[in-house]
Amino acid sequence: MKTKAQILGITDFPYEEHDKDGNETYCEYSDGEWCKTEFNDKGRITYRGWDDGDWYGSKFNNDNNRIYFEHSDGEKQYNII
């Protein structure tokens, strides 16, 4: 499968995409490695995934404190503050 940069014909690396708040949502390197990141409306990372299948995700309460964390290796943490 082609990477985003390959599909778009990007040749200047690292290739980065940012959301309206300036958070880096995607980054790709010349060797094809990439990382995708998602943020909540308060700028905290809710998901980060890499081209090798590794990922982690977090959930936050109304005060923007992390209350849940999960990693692709099976690690889970609850009620984190």
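The values are calculated or read from the model by the stated rules, or taken from the named source; none is laboratory data. Given the structure is predicted, the values throughout are model-derived calculations rather than measurements. Neighbour counts are summed over all protein chains in view; Cβ atoms, including those assigned to glycine, are modelled from backbone coordinates with ideal geometry. For the accessible areas, the whole protein counts, side chains as well, though only heavy atoms, and no ligand, DNA or RNA atoms are used. Shrake-Rupley method; radii C 1.70, N 1.55, O 1.52, S 1.80 Å.
For the range 59-81, the set of residues classified as assigned to a strand (DSSP E or B) and open to solvent by less than 70 Å² (accessible area, probe 1.4 Å) consists of 60, 67, 68, 69, 70, 71, listed by residue number.
When the residues of the range 26-38 are narrowed to those that are within 8 Å of the chain's Cα centre (by Cα) and not β-branched (Val, Ile, Thr), which ends up nearest to residue 12 (Cα to Cα)?
26
When restricted to residues that are part of a strand (DSSP E or B) and free of Cβ contacts under 8 Å to residues at least 12 places away in the same chain, the range 18-29 contains 1.
The condition (being open to solvent by 50 Å² or more (accessible area, probe 1.4 Å) and either within 21 Å of residue 75 (Cα to Cα) or more than 15 Å from the chain's Cα centre (by Cα) (or both)) is satisfied by just one residue among 56, 47: 47.
Given the structure, is residue 23 modelled with pLDDT under 95 and of a type in the set (S, T, N, Q)? When the stated conditions are applied, residue 23 does not pass them.
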